[in-house]
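K.L.:
Please see the structure below; I have some questions.
The values are calculated or read from the model by the stated rules, or taken from the named source; none is laboratory data. Treat the numbers as computed from the prediction; the structure is a model and nothing was measured. Cβ atoms come from the backbone with ideal geometry, glycine included; neighbour counts cover every protein chain shown.
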């Protein structure tokens with residue numbers, strides 16, 4: 001039985017990934033910052049609370065581990081602009097400490113989950129391939145790219161078996177709204193709570209939305225079949241702008257008696273206008289393919305948010 005340590009396994013993507021790892025009969029250890037997991041984990045999972053930049057914690061956690069998946073990141077693009085120094089300090093030293101600690105053990109593979117939405121910057125051509133120039137326009141993207149470079153330095157100099165995955169925009173059940181990342185979740189939660197939805201630019205930005213279960217499957221495929229020292233985009237290659245997302249939500253909102261209220265604001269300098277990823281390398285080498293269509297993903301996400309919104313208000317059903 002393989003033993004996988006997931007750094008950030010109680011996060012949005014991490015919680016779905018942990019479920020998939022457990023379903024494959026893997027032993028799983030999760031490292032999270034909170035004393036109590038912020039999302040429910042399968043009962044078989046071992047949970048360790050602490051800072052993954054704590055070398056002592058890592059040496060305990062990685063002692064009998066075969067695989068590591070690094071998902072943790074303490075900031076989002078907007079907060080990285082608010083405090084770029086904190087973006088560096090909260091993420092870079094801990095990641096480098098993790099890579100260094102992992103070299104002391106017989107790790108079969110370490111997957112670093114980077115960001116396909118931010119490391120490339122403004123696209124020269126679409127869809128974006130892994131060899132596209134990297135010119136991030138946010139501190140968040142710069143930090144992610146720097147962590148990638150450190151990971152590959154440890155791979156080349158110390159033999160750390162690293163694979164880097166660059167997902168596009170994950171969405172789906174359990175995503176937290178109103179945290180300046182995740183337009184689908186924020187839009188649905190805004191509709192259900194009667195809030196106005198802000199769109200920056202006439203139709204907003206265009207993004208490659210991948211359902212979270214497909215993102216988790218892609219990370220798992222990279223863990224199992226990805227080539228050491230390689231980078232993999234993880235996306236659908238299909239773009240949806242903000243207004244198209246709202247159009248997909250509208251039938252569910254209207255059938256439930258909700259109104260979609262939109263406020264158009266000027267575009268923001270730190271928003272990449274369009275980001276679509278070419279995932280043909282991941283598909284060819286691992287046979288991964290997205291299974292949840294955008295339409296099905298929106299239906300599932302709406303139903304999850306609607307059900308949980310009703311439970312919080314004490315409503316039936």
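K.L.:
What helices (runs of 4 or more DSSP H) lie completely within region 166-271 and have 2 or more residues being in the same structural domain as residue 128 (by TED's automatic domain parsing) and in contact (Cβ under 8 Å) with a residue 40 or more places away in the chain?
P.N.:
Of the helices (runs of 4 or more DSSP H) lying wholly inside region 166-271, those with at least 2 residues that are in the same structural domain as residue 128 (by TED's automatic domain parsing) and in contact (Cβ under 8 Å) with a residue 40 or more places away in the chain span 212-225.
K.L.:
Just to be sure I understand, how many residues within region 77-91 are surrounded by 17 or more Cβ atoms within 10 Å (Cβ to Cβ) and in contact with a helix residue (DSSP H, G or I) (Cβ under 8 Å, 6 or more places away or on another chain)?
P.N.:
6
K.L.:
Need at least 2 residues that are within 15 Å of residue 140 (Cβ to Cβ) and touching a residue at least 24 places away in the same chain (Cβ under 8 Å) per element, so show me which helices (runs of 4 or more DSSP H) inside region 1-97 make the cut, counting only ones lying wholly within it. Lay out the reasoning, then the answer.
P.N.:
Values: elements: 12-23, 55-61, 77-82.
Per the criteria, 77-82.
K.L.:
If a residue has to be touching a strand residue (DSSP E or B) at 6+ places or on another chain (Cβ under 9 Å) and over 21 Å from residue 60 (Cα atoms) to count, how many in region 23-38 make the cut? Break it down stepwise before answering.
P.N.:
Applying the first criterion (touching a strand residue (DSSP E or B) at 6+ places or on another chain (Cβ under 9 Å)) to region 23-38 yields 26-38.
From what is left, the residues that are over 21 Å from residue 60 (Cα atoms) are 38.
Counting residues in region 23-38 that are touching a strand residue (DSSP E or B) at 6+ places or on another chain (Cβ under 9 Å) and over 21 Å from residue 60 (Cα atoms) gives 1.
K.L.:
A follow-up question, please. Suppose we keep only residues that are on the phi < 0 side of the Ramachandran plot and surrounded by fewer than 22 Cβ atoms within 10 Å (Cβ to Cβ) within region 161-182. Which one would you say is modelled with the lowest pLDDT?
P.N.:
Taking the candidates together, the pick is 181.
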